[in-house]
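Working notes, beginning with the structure itself.
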Amino acid sequence: MSAIQTAFGLVFQPAVLVTIFLAALFGLVVGAIPGLTATMAIALLVPVTFFMDPVPAVGAMVTCSAMAIFAGDIPGTLLRIPGTPASAAYTDEAYMMTRNGEGEIALGANLLFSAIGGLFGTFVLILSAPALAEVALQFSSFEYFWMALLGLTCAVFIGTGTPVKGLVSLFIGLFVSTIGLNNPAGVPRFTFGNAELTGGVNFIAAMIGLFAVSEVFRFAISHSVQTVPQAVIGNLFRGWGRMMVQYWPQQLRGNVLGTIIGALPGAGADIAAWVSYAVSKKMSRTPEKFGKGHVEGIIESTSSNNAALAGAWVPALVFGIPGDSITAIVIGVLYLKNMNPGPTIFLNNPEYIYAVFIIFILANLVMLPLGWAAIKGARTILRIPREILMPCILMFCIVGAFAINNSAFGVAVMLVFGVLGFLMEENDIPVAPCILGIVLGPMLEENFVTSMIKSDGSYLAFFERPISGALGVATLLIWLAPVLLMALRSRKTAMPRQG
């Protein structure tokens, strides 16, 4: 109980509350501008957190990400251009409602059910994280190896549409993670005689490059201009009571699916939204209304992607494994603030964990008034000239990358990864597996080598412990599932027709 009281004291300080408020405004602005994702907002926020204490730093990132995920619905509804990938699943549905004169109903549903979904995922996080931490305390290097490998596997086979391109992205990230001395033998690898690279590639500089700088490059080359339609936004609270009563099964289903998918490493809010929209259409009593402006699919999907945001923190806090690209960046910040994620954080710094829980609740509650204001001011936000915005973003990125180690090498790393991120996305290679490879690569290697030393080189030892064996079997089944499905399909095709 004393830890909870300490957590309230840490959160309810004027400086912390002001930081959360400013981060919420920043997340709303970035999320509402097409092309600037929630992950990019977090990457841009990282340099600012260098000068903060742990609680306001994490609080700013939690609030910013929650607001950005919701704000992505605004341009999706008004422009048919999703502000973030998590809004893409139901953009057409929301835009059709705007064309039908029901834009305020679509935006009102996005606002209400985003907040409810976020609160549901938060309560699941509060209830499940401590229990999982008790189990995680029993983990050895064998279990952590399989957890890391399972996270990488899910990123390829679940988090992307094309497994081959997902593998390419993953191998790029794993290669980057091997640069430097971060291996048990302490042998320099891929440093090419550069002393700066002996410490490895800085994670934060790489993240800023992959997400923020790549977007600047893309705008500089395409120089696309967005126009704002003349959409009328009326009463956002219209129909809230009716929707909550009529669509409570869809809301609950979206919350549950989103939390589960969010907790799955490599999936994230955008995958949760697509899955929930597909489930909503499949199980709807009126599937013919989908695609013509039906609020049912919006409710389930927007509940799901916001619930997934909190769900992604479960593996991040308990196992130190990011559930999505946002928590991958947050984990780097946690390490910088000596809040090392993993089961021991619940023993060593419980007040910080409770503070994170409180901030999650605050972020989703403050979403209602700030989200209402953002929707009302959406036309102004969407009119920001990108010719002004992009140079400011690039300048902020350069300052942030330099501030990491007060070295121009960080800026060089950021620019290299900016080019890399641009080339990857231009060739439809997803960035998320690359991020997970950079984050989980050292963990995978270290636990594999440690386990091999403990088992005297025996691979069977990875399956001898109950939890380790279960995780290993699950990982292998995911690997073999595509092969087995192809074999079954070819067998059915080859079978002679009866009769």
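The values are calculated or read from the model by the stated rules, or taken from the named source; none is laboratory data. What you are looking at is a predicted structure, and each value in this text was computed from that prediction instead of being measured. Because the Cβ atoms are built from the backbone with ideal geometry, glycine has one as well, and the counts that use them run over all protein chains shown. These accessible areas exclude ligands, DNA and RNA; they are computed on the full protein's heavy atoms, side chains included. Shrake-Rupley method; radii C 1.70, N 1.55, O 1.52, S 1.80 Å.
Show the residue pairs meeting these rules: Cβ distance below 6 Å; 6+ apart or different chains; first residue within segment 440-453 and open to solvent by 30 Å² or more (accessible area, probe 1.4 Å); second residue not aliphatic (A, V, I, L, M).
Pro442/Ser177; Pro442/Asn182; Phe448/Phe145; Val449/Pro184; Thr450/Ser141
Of the residues Gly410, Gly371, Gly400, only one is part of a helix (DSSP H, G or I), crowded, with 20+ Cβ neighbours inside 10 Å, at pLDDT below 75 and not β-branched (Val, Ile, Thr); which? Step through it out loud before you land on a result.
Working: Gly410 fails: at pLDDT below 75; Gly371 fails: at pLDDT below 75.
That would be Gly400, the only listed residue that is part of a helix (DSSP H, G or I), crowded, with 20+ Cβ neighbours inside 10 Å, at pLDDT below 75 and not β-branched (Val, Ile, Thr).
Exactly one of (1) at pLDDT below 80; (2) over 23 Å from Arg253 (Cβ atoms); (3) part of a helix (DSSP H, G or I); (4) over 22 Å from the mean Cα position of the chain (by Cα) is unmet by Phe142. Its number?
Going through (1) at pLDDT below 80; (2) over 23 Å from Arg253 (Cβ atoms); (3) part of a helix (DSSP H, G or I); (4) over 22 Å from the mean Cα position of the chain (by Cα) one by one, Phe142 breaks only (1).
If you take just the helices (runs of 4 or more DSSP H) that sit entirely in segment 284-367, which of them hold at least 2 residues that are small (Gly, Ala, Ser) and open to solvent by less than 10 Å² (accessible area, probe 1.4 Å)?
Answer list for segment 284-367: 295-311.
Conditions tested, residue by residue: (1) open to solvent by less than 10 Å² (accessible area, probe 1.4 Å); (2) closer than 26 Å to Val431 by Cβ; (3) touching a residue at least 12 places away in the same chain (Cβ under 8 Å).
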site: Pro75; (1), (2), (3): yes, yes, yes
site: Asp92; (1), (2), (3): no, yes, yes
site: Gly101; (1), (2), (3): no, no, yes
site: Ala106; (1), (2), (3): yes, no, yes
site: Leu111; (1), (2), (3): yes, no, yes
site: Leu125; (1), (2), (3): yes, yes, yes
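Exactly one of these conditions fails for Gln250: (1) farther than 27 Å from Ala129 by Cα; (2) crowded, with 24+ Cβ neighbours inside 10 Å; (3) among the polar types (S, T, N, Q). Give me its number.
The failed condition is (1).
Scan segment 446-463 and give yes if some residue there is of a type outside the set (A, V, I, L, M) and closer than 30 Å to Met40 by Cα, otherwise no.
Step one: list which residues in segment 446-463 are of a type outside the set (A, V, I, L, M), which gives 446-448, 450-451, 454-459, 462-463.
So of that shortlist, the ones also closer than 30 Å to Met40 by Cα come out as 446.
Yes, segment 446-463 contains at least one residue that is of a type outside the set (A, V, I, L, M) and closer than 30 Å to Met40 by Cα.
Take segment 451-467 and flag every residue that is farther than 9 Å from Phe142 by Cβ and not aliphatic (A, V, I, L, M). I'd like the intermediate steps shown before the answer.
Of segment 451-467, the ones farther than 9 Å from Phe142 by Cβ are 452-453, 456-460, 466.
Once the filter is applied, which keeps residues that are farther than 9 Å from Phe142 by Cβ and not aliphatic (A, V, I, L, M), segment 451-467 yields Asp456, Gly457, Ser458, Tyr459, Pro466.
Quick one: would you say Pro350 is touching a helix residue (DSSP H, G or I) at 6+ places or on another chain (Cβ under 7 Å) and under 20 Å from Leu10 (Cα atoms)?
So Pro350 fits the description; yes.
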